[in-house]
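**Q** What follows is a structure written as C-alpha cells; I'll ask about it next.
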Ligand code: PRP
C-alpha cells in the first residue's frame, strides 16, 4: 500500500484529480464528508488530507511514502525528502510587495513581514540588504498597511489580495509550483510502485 499525503484545499483537489486520471482513483474521496483517510485496496493506495504546510513533515518522517507540497514549503523548511516531479499546478510567485508609494532608498533597516522567514532572509542576504524580519502566520498584507512593516514577502497568485488592499509587487523572488515528493526510505523499498506512479503523473503534467 502506497501512503499519499495530499494538501487539503483547492490545490489538493486538483492534484487528486491528476492521481485519479493517472489510474489511482479512490472514488470515496469525491463524496463530501469530513473523513481524512481514503483507501483503494485494489489500487494499493491510501490517501490522506493534510494541512498543505504539513505534507513535507508526513513525508520526511515516513508517515506518507509520497505527497504533494509547494516549492515554497520545500525551500522554507528544507525537508530531507526527494523531489520527484514538478506537477505544473499551483503556479504562483514568491514576491516582495508593499504600498504603492513605498520606495526602498536603502538608508535604513528594511522591515519585512512574512511567513517565509528563511526564503526572505536568503533573498535579502544575497542582495546584501539589512533587514528586520517580522514573522506572521497569515493575512501578511495587513503589515505594511498598518505600518508594522515596510514590505512583505509572500505568495502572489492572481494578485487580487494585493490589488484589493492597494499594494503592489515590488520584486518577484521566484516561481512556485506543486511538487511530488517522496520519503527517502520509501523510495528505496517501494521503488517500483513509486516510479510507476511518478511516470503516470508525469503523463498528466503533459496535458
Ligand atoms: C495566500 C497568500 C496571499 C494570497 C495570494 O494566502 O498569503 O495572501 O494567498 O493569492 P492571490 O494573489 O490570488 O490573491 P492564503 O490564502 O494561503 O492565506 P494566509 O493569509 O493564511 O496566508
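None of the figures in this text is laboratory data; all of them are computed from the coordinates on show. Just so it is clear, the structure is predicted and the values come from calculations on it, not from any experiment. Counting neighbours? That spans all protein chains shown, and the Cβs are built from the backbone with ideal geometry, glycine included.
**Q** Below 8 Å between Cα atoms, with a sequence gap of 6+, how large is the relative contact order for segment 81-172 in percent?
**A** 43
**Q** Using only Cα atoms and rounding to the nearest 10 degrees, what angle (0 to 90) does helix 117-127 make with the longest principal axis of the chain?
**A** 50
**Q** Between residue 43 and residue 188, how many nm apart are label points set 7 Å from Cα along the C-beta direction?
**A** 2.9
**Q** Let me ask something else. Report, to the nearest 10°, how far helix 191-205 tilts away from the longest principal axis of the Cα atoms in the chain, using its own Cα long axis and a range of 0 to 90°.
**A** It works out to around 60 degrees.
**Q** Packing-wise, with mean Cβ within 10 Å as the measure, how do 41-52, 63-74 rank, highest first?
**A** 63-74, 41-52
**Q** Expressed as an acute angle from 0 to 90° and rounded to the nearest 10, what is the orientation of the C-alpha long axis of helix 10-21 relative to the principal long axis of the chain?
**A** 30
**Q** Here's something else I'd like to know. Please give the contour-minus-distance gain from residue 169 to residue 100: 0.36 nm per residue of separation, less the Cα-Cα distance, rounded to one decimal in nm.
**A** Gain on extension, residue 169 to residue 100, equals 24.0 nm.
**Q** While we're looking at this one, here's another question. Using 10 Å bins from zero, what percent of all Cα-Cα pairs in the chain falls into each bin?
**A** P(r) over the chain, rounded to whole percents: 8, 32, 29, 19, 10, 2, 0.
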